[in-house]
């Protein structure tokens, strides 16, 4: 599966404290045959394998905070 990533962030001061905010989004999709080879032999198989669409999405929020001043 090919994943595509998009990230953005920013940092700013508020008084003597420093903050950082970030966001990352990863997404992807793929089509593959369902793996019948991984099933135990005791499981009956009816019909032919079919392609399965798989989709992936992940969203991550990041918050950073620095106490006090570095002066």
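The values are calculated or read from the model by the stated rules, or taken from the named source; none is laboratory data. Nothing here was measured: the structure is a model prediction, and the numbers come from that model. For neighbour counting, all protein chains shown are included, and Cβ atoms are generated from backbone atoms with ideal geometry for every residue, glycine included.
Applying the criterion of being modelled with pLDDT under 90 and surrounded by fewer than 10 Cβ atoms within 10 Å (Cβ to Cβ) to the residues of segment 2-19, the residue that is nearest to residue 31 (Cα to Cα) is 2. Taken over segment 12-25, the criterion of being in a strand (DSSP E or B) and in contact (Cβ under 8 Å) with a residue 12 or more places away in the chain is satisfied by 17, 18, 19, 20, 21, 22, 23, 24, 25. All but one of (1) at pLDDT 95 or above; (2) part of a loop (DSSP other than H, G, I, E, B) hold for residue 70, so report the exception by its number. It is condition (1) that residue 70 fails.
I'm trying to understand the selection: among the residues of segment 20-46, which are under 24 Å from the mean Cα position of the chain (by Cα) and modelled with pLDDT under 85? Result: 32, 33, 34, 35. Residue count for segment 47-62, restricted to those that are over 13 Å from the mean Cα position of the chain (by Cα) and in a strand (DSSP E or B): 5. Residues that are surrounded by 10 or more Cβ atoms within 10 Å (Cβ to Cβ) and part of a loop (DSSP other than H, G, I, E, B) within segment 26-35 comprise just one, 34.
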